[in-house]
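Engineer: Before I ask anything, let me first share the structure, which is written out below as structure tokens.
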Amino acid sequence: MSRPISVTRSRRVPFFDYPALFAEHERAYLEIFREVLHRGAYIMQRDLVEFEVNLANYCGVKFAFGVADGTSALIIALKLADIGDGDEVIVPSHTFVATAAAVHHAGGIPVLCDCGPDHMMDVESARRLVNSRTRAVMPVQLNGRTCDMDEVGIFAKEYRLKIVEDSCQALGAKFSGKHAGTFGVAGTFSFYPAKTLGCFGDGGAVIVNDDKSAEIVRQLRDHGRGTDGKVHRFGHNARLDNIQAAILNFKLQRHEGYVARRRKLADIYCCRLREIDSILLPPAPGSEEKRFDVFQNFEIEAYERERLREHLANRGIGTILQWGGSMIHQFDDLKLKSFAPYAEEMSSRYLMLPMHHLLSDDDVHYICDEIEKFYGNS
Ligand SMILES: *Cc1c(COP(=O)(O)O)cnc(C)c1O
């Protein structure tokens, strides 16, 4: 008599699960596609208008404009800040190349500063880069966390610089109770699928709080056309697709839930890993008075990173190096001026662990078990 063989299926935790994003609410999404497409509502229709109202309300501002992607949002925000020919803009080196590219495409020159151990802009390093051509600073609200906006504010005031936030990763994050994206000339968001609020393609938004800025953003994203239908400047074709806006309307209602879930998972990571000396963690949720993080990413620093990644990969756990493992100051072909010693040093240690709202607690415990085993045995 043969006994059944017990098959222990080993757990797999990919870094991100793109098909699961659609599967989560497949029926609802198909209904949204059917309804919107039947109406023939493709460009700047009521779904976009509704999403813009909802997004503005969510962020506590007067205006939100859906745009083609986060990079377009940054270019529009920089143009709104009047960045142009030869103006220098200070950008952290630890960010997506799009932050610096947006400065370039607006006509400015990106100058790269350092980050600190929490991976946010290091304002002291930015101070060293100021000169008579410096016009603006771009705090990047990286990983769903905000920079110290008190410090950034003091710095900007001291040198009379404009603040243009790259809040593409930080929808819902707060500093002193104020939403990321509301500290400077304009806020910018990306709805790339893997972002906390993601659509099924590219998408983005710009938020502003006054009528005059709103009119300029409205023109810049739609061929220079204003509310009166006339062309007032050369603009871009940078509109958010109406079908994506309809999807985002559905998901925005659930965004608080996504954020709560991410914070719970971050809490597990922090509790489980805090005793390991070879790892540097981001501050745990709720551990700082002024910050509310949305944990777009869970980015750590890990000694023996490559061996750790291999250990985890062999156990079905996906990890990623943000920006493919290179910071902007390391792209020699861009020939950028920079001062980024900490970013340089930590570029051999930074690592992102799986973080999204569809992970289970057990997934994260499994990852922590394996990290403990790795450092325990090494
Ligand atoms: C995602 C992201 C952007 C914009 O990306 P798009 O792909 O253009 O939407 C800009 N800056 C940062 C830091 C980002 O993470």
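Engineer: Figure the gain on full extension for LEU30 and GLU289 (residue separation times 0.36 nm, minus the Cα-Cα span) and round it to one decimal in nm.
Structural biologist: Additional length available on full extension: 89.0 nm.
Engineer: Given a 1.4 Å probe, how much area per residue of the range 134-190 is accessible, in Å²?
Structural biologist: Per-residue value: 31 Å².
Engineer: Between VAL231 and LEU334, what is 0.36 nm times their sequence separation minus the Cα-Cα distance? Round to one decimal in nm.
Structural biologist: 33.6 nm
Engineer: Right, another one. Past the 18 Å Cα-Cα mark, which pairs from LYS79/LYS157; LYS162/LYS230; LYS195/LYS251?
Structural biologist: From the list (LYS79/LYS157; LYS162/LYS230; LYS195/LYS251), the Cα-Cα distance tops 18 Å for LYS79/LYS157; LYS162/LYS230.
Engineer: What number do you get for the range 24-252 when its Cα radius of gyration is normalised by 2.2 N^0.38 Å, N = residues?
Structural biologist: 1.00
Engineer: Given the range 255-377 reduced to its alpha-carbon atoms as identical point scatterers, what log10 I(q)/I(0) does the Debye formula return at q = 0.12, 0.19, 0.20 Å⁻¹?
Structural biologist: -0.49, -1.09, -1.17
Engineer: Residues of the range 255-377: accessible area per residue at 1.4 Å, in Å²?
Structural biologist: Here the per-residue accessible area is 46 Å².
Engineer: Heads up, I need the accessible area for LYS174: 1.4 angstrom probe, whole protein in place, Å², nearest 10.
Structural biologist: LYS174 exposes around 60 Å² with every protein chain in place.
Engineer: Something else: Please turn the phi angles of the range 324-335 into ³J(HN,Hα) values with the Karplus equation 6.51 cos²θ - 1.76 cosθ + 1.60 (θ = phi - 60°), one per residue in order, whole Hz, x for glycine and proline.
Structural biologist: With coefficients 6.51, -1.76 and 1.60, one gets x, x, 10, 8, 4, 5, 8, 7, 4, 5, 7, 6 Hz.
Engineer: In the range 255-377, if the dipole is taken from +1 on Lys/Arg beta carbons and -1 on Asp/Glu beta carbons about the Cα centre, which of CYS271, GLN296, GLY286 is farthest to the positive end?
Structural biologist: Positive-most Cα among the choices belongs to GLN296.
Engineer: Given H placed on each backbone N at 1.01 Å, which residues far from GLY184 in sequence or on other chains put an amide H within less than 5 Å of it?
Structural biologist: GLU165
Engineer: State the answer as a single residue: which of LEU37, TYR58, ALA101 lies farthest towards the positive end of the charge dipole of the chain, with beta carbon charges of +1 for Lys and Arg and -1 for Asp and Glu, about the Cα centre.
Structural biologist: LEU37
Engineer: In addition: Convert each backbone phi in the range 46-63 into a coupling constant with the Karplus relation 6.51 cos²θ - 1.76 cosθ + 1.60 (shift: θ = phi - 60°), then list the ³J(HN,Hα) values in order as whole Hz, x for Gly and Pro.
Structural biologist: Coupling constants for the range 46-63: 5, 5, 5, 4, 4, 4, 5, 5, 5, 5, 4, 4, 4, 8, x, 10, 7, 9 Hz.
Engineer: With +1 assigned to the C-beta of every Lys and Arg and -1 to the C-beta of every Asp and Glu, and no other charges, what is the dipole magnitude of the chain about the Cα centre in debye, to the nearest 20?
Structural biologist: Approximately 720 debye in magnitude.
Engineer: Now, a different point. Using amide H atoms built 1.01 Å from N in the peptide plane, name the residues 5+ places from CYS147, or on other chains, whose amide H lies under 5 Å from its own.
Structural biologist: Under 5 Å from the amide H of CYS147: LEU142.
Engineer: Convert each backbone phi in the range 342-351 into a coupling constant with the Karplus relation 6.51 cos²θ - 1.76 cosθ + 1.60 (shift: θ = phi - 60°), then list the ³J(HN,Hα) values in order as whole Hz, x for Gly and Pro.
Structural biologist: 5, 4, 4, 5, 7, 5, 8, 10, 6, 7
Engineer: Just how much of LEU281 is accessible, in Å², when a 1.4 Å probe is used and the result is rounded to the nearest 10?
Structural biologist: About 40 Å², rounded to the nearest 10.
Engineer: Amide H to amide H, which residues 5 or more places from PHE331 or on other chains are under 5 Å from it, using H placed in the peptide plane?
Structural biologist: Hits under the 5 Å cutoff: none.
Engineer: Could you work out what % of the accessible surface of the chain is carbon and sulfur, using a 1.4 angstrom probe and leaving DNA, RNA and ligands out of the count?
Structural biologist: Carbon with sulfur: 50 percent of the solvent-accessible area.
The values are calculated or read from the model by the stated rules, or taken from the named source; none is laboratory data. Please read all numbers here as calculations on a predicted model, not as lab measurements. Using ideal geometry, Cβ is built from the backbone for each residue, glycine included, and neighbour counts are taken over all protein chains shown. For the accessible areas, the whole protein counts, side chains as well, though only heavy atoms, and no ligand, DNA or RNA atoms are used. Shrake-Rupley method; radii C 1.70, N 1.55, O 1.52, S 1.80 Å.
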